[in-house]
């Protein structure tokens with residue numbers, strides 16, 4: 001067991017969260033071109049609360065960012081025991097341009113620990129093709145995050161279909177199945193029972209929910225209130241990690257400082 005840091009207020013207690021590596025209560029941050037120096041400053045303070053970082057400068061990863069710059073980012077995150085993977089849009093572009101296996105090889109070669117296999121904009125892959133892609137990614141020793149839902153909400157979210165896909169993906173060895181933020185936001189507003197059923201039957205440890213920029217902070221608040229601190233959250237902005245950590249512990253105004261009413265001594 002790791003030695004607890006001597007903090008300024010070490011004599012006080014707050015709810016603990018599991019240490020890394022975690023399978024539940026994951027916080028997955030979106031890196032939107034964070035400069036290296038700024039990254040290190042953030043990580044000095046927040047790294048214990050971050051499990052993965054997703055690089056979401058999609059165009060930059062194709063035309064602007066050098067391999068060496070991306071490798072520096074990956075190495076820096078690794079110093080703080082944080083795994084990295086690229087966002088799903090380059091994967092979808094690789095599908096459209098028939099470059100998927102080349103893309104997966106590049107993800108591995110540059111040093112990413114994981115890959116996102118998403119179909120939230122493009123037409124869904126047929127079952128055979130999808131299975132081959134998942135096998136290739138797993139063969140490269142990459143953690144695989146798949147995704148259910150659609151960015152443009154052009155297809156209804158059906159619970160039974162989602163549960164079938166989750167089961168298929170887990171059987172194929174994927175790390176987690178992510179629920180697209182557009183569907184999360186819509187279902188919270190229109191039919192939250194679908195999300196409750198998704199967790200009940202799909203397993204909270206198997207799912208990741210995208211918080212999304214538009215949904216901050218209401219989506220994160222709803223997810224933590226309904227599924228507890230062990231819910232896995234993605235697309236968290238670096239500036240919001242501190243708040244997510246406090247919310248998980250019931251120590252933030254968004255949670256009504258719940259812990260203060262539970263523990264007074």
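The values are calculated or read from the model by the stated rules, or taken from the named source; none is laboratory data. Small disclaimer: the values here were computed from a predicted structure and weren't measured. Please note: Cβ atoms are built from the backbone with ideal geometry, for glycine as well, and neighbour counts cover all protein chains shown.
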Q. Does residue 239 count as within 17 Å of the chain's Cα centre (by Cα), on the phi < 0 side of the Ramachandran plot and free of Cβ contacts under 8 Å to residues at least 12 places away in the same chain?
A. yes
Selection from segment 147-169 of residues touching a helix residue (DSSP H, G or I) at 6+ places or on another chain (Cβ under 6 Å) and surrounded by fewer than 20 Cβ atoms within 10 Å (Cβ to Cβ) yields 151, 153, 159, 163
Those residues of segment 54-74 which are without any contact (Cβ under 8 Å) to a residue 40 or more places away in the chain and either loosely packed, with under 14 Cβ neighbours inside 10 Å or in a helix (DSSP H, G or I) (or both) amount to 58, 59, 60, 61, 62, 63, 64, 66, 68, 69, 72, 74
### Message
Looking for something out of contact with any helix residue (DSSP H, G or I) (no Cβ under 6 Å at 6 or more places or on another chain), in contact (Cβ under 8 Å) with a residue 60 or more places away in the chain, surrounded by 13 or more Cβ atoms within 10 Å (Cβ to Cβ) and part of a loop (DSSP other than H, G, I, E, B) - is there at least one such residue anywhere in segment 120-136?
### Response
yes
Per the list (1) at pLDDT below 95; (2) in a loop (DSSP other than H, G, I, E, B); (3) under 22 Å from residue 210 (Cβ atoms), residue check on residue 24 breaks on (1)
In the set 116, 92, the lone residue that is under 18 Å from the mean Cα position of the chain (by Cα), crowded, with 16+ Cβ neighbours inside 10 Å and part of a helix (DSSP H, G or I) is 92
Against the definition (more than 12 Å from the chain's Cα centre (by Cα), closer than 21 Å to residue 85 by Cα and either loosely packed, with under 14 Cβ neighbours inside 10 Å or free of Cβ contacts under 8 Å to residues at least 24 places away in the same chain (or both)), how does residue 214 come out, yes or no? no
